Amino acid sequence: MKFWWLILAALCITAPVLAAEPNLRIDIEYRWLGWADVQEHWRIERDARGVTTRVDAALPMNRRDGQYVTLPAASVSAFEAAIDAAPVTMAVAVDEVARRLDRAVITRLDPTATRFPGPSCGFAQRQAWARKTLTEVELRKRVQQQLSPESGLWTDDYPTISVAVRRKGHPPVAFVSTSQKALMLPWKQAPMGHSQSIDIGTLPAQWRPALSDAVIALLPPGERSRARFHPDWLQERLRLHLERDALACR
């Protein structure tokens, strides 16, 4: 399921609109379908004084007073650096994601986990196998398998995010993703001025872990459907896969 209508605003940015805008405007739209239907639209703007604020763009203008949150300048600078930087290769992205993970956490198996028919080896043997198996090389291999476009859809939820950026002195740019994988990698850079009928799936993948980090740093914490942007989410998936392999008593 793909929610192309969510990115319509990101794709229809024009120069005349830019002239009336603050020196920086970021529109982040996020939709998630799973156990609930989450819809977010955050508008981030930097004024002439250099102060950057975030507000829920779904609120009517007459209800926004008192709802603006001032963002740290460092977070905004990191975001601008991320969109200005060239995308990295998938191999570099895999290395970056793997470095964030804790092998000790991933190899901490559940002694109550079982299968049918029951495993032919005890928990101590399974735990020892997991610790021996998950070397740094093996961890990187498993991360690559998780991020690979060939791995297919591997969750039962449907996230969509668009990030539209308008800056004075820069062309407008939009990044979108419908990825179910960690950090919602990879991103796609959407061409400007197209309608919602654009097939995002045909755009080339861009591996931008720094953009994922920068976007999530601009958003308010606490929305659990955005968990895939944090290391714990992938660590638990890898732990469950390792536990499944250990139950095979190889």
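The values are calculated or read from the model by the stated rules, or taken from the named source; none is laboratory data. Fair warning: this is a prediction, and the values are worked out from it, not measured in the lab. All Cβ positions, even for glycine, are placed from backbone atoms using ideal geometry, and neighbour counts span all protein chains on display.
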Restricting attention to the range 70-85, the residues that are over 15 Å from ASP27 (Cα atoms) and in contact with a strand residue (DSSP E or B) (Cβ under 6 Å, 6 or more places away or on another chain) number exactly 1
Among THR135, THR107, THR114, the single one that is more than 20 Å from LEU211 (Cα to Cα) and surrounded by 17 or more Cβ atoms within 10 Å (Cβ to Cβ) is THR107
Within the range 146-166, of all residues that are more than 26 Å from GLN39 (Cβ to Cβ) and surrounded by 14 or more Cβ atoms within 10 Å (Cβ to Cβ), the one farthest from the chain's Cα centre (by Cα) is GLN146
Exactly one of GLN206, GLN189, GLN180 is assigned by TED's automatic domain parsing to the domain that holds ARG31, within 30 Å of TRP35 (Cα to Cα), out of contact with any helix residue (DSSP H, G or I) (no Cβ under 7 Å at 6 or more places or on another chain) and in a loop (DSSP other than H, G, I, E, B), and that one is GLN180
Note on the range 67-89: residues touching a residue at least 60 places away in the same chain (Cβ under 8 Å) and in contact with a Leu (Cβ under 7 Å, 6 or more places away or on another chain) are LEU71, SER75, PHE79, ALA82, ILE83
Scanning the range 180-191 for residues that are over 8 Å from the mean Cα position of the chain (by Cα) and either crowded, with 19+ Cβ neighbours inside 10 Å or at positive phi (or both) gives PRO186, TRP187, LYS188, ALA190
How many residues of the range 37-57 are free of Cβ contacts under 8 Å to residues at least 60 places away in the same chain and more than 19 Å from ARG166 (Cα to Cα)? The answer is 2
Being within 27 Å of the chain's Cα centre (by Cα) and assigned to a helix (DSSP H, G or I) narrows VAL55, VAL38, VAL76 down to just VAL76
Requested in this report: Look at ALA15 and say whether it is under 22 Å from the mean Cα position of the chain (by Cα), surrounded by fewer than 18 Cβ atoms within 10 Å (Cβ to Cβ), of a type in the set (A, V, I, L, M) and at pLDDT below 95.
Outcome: no
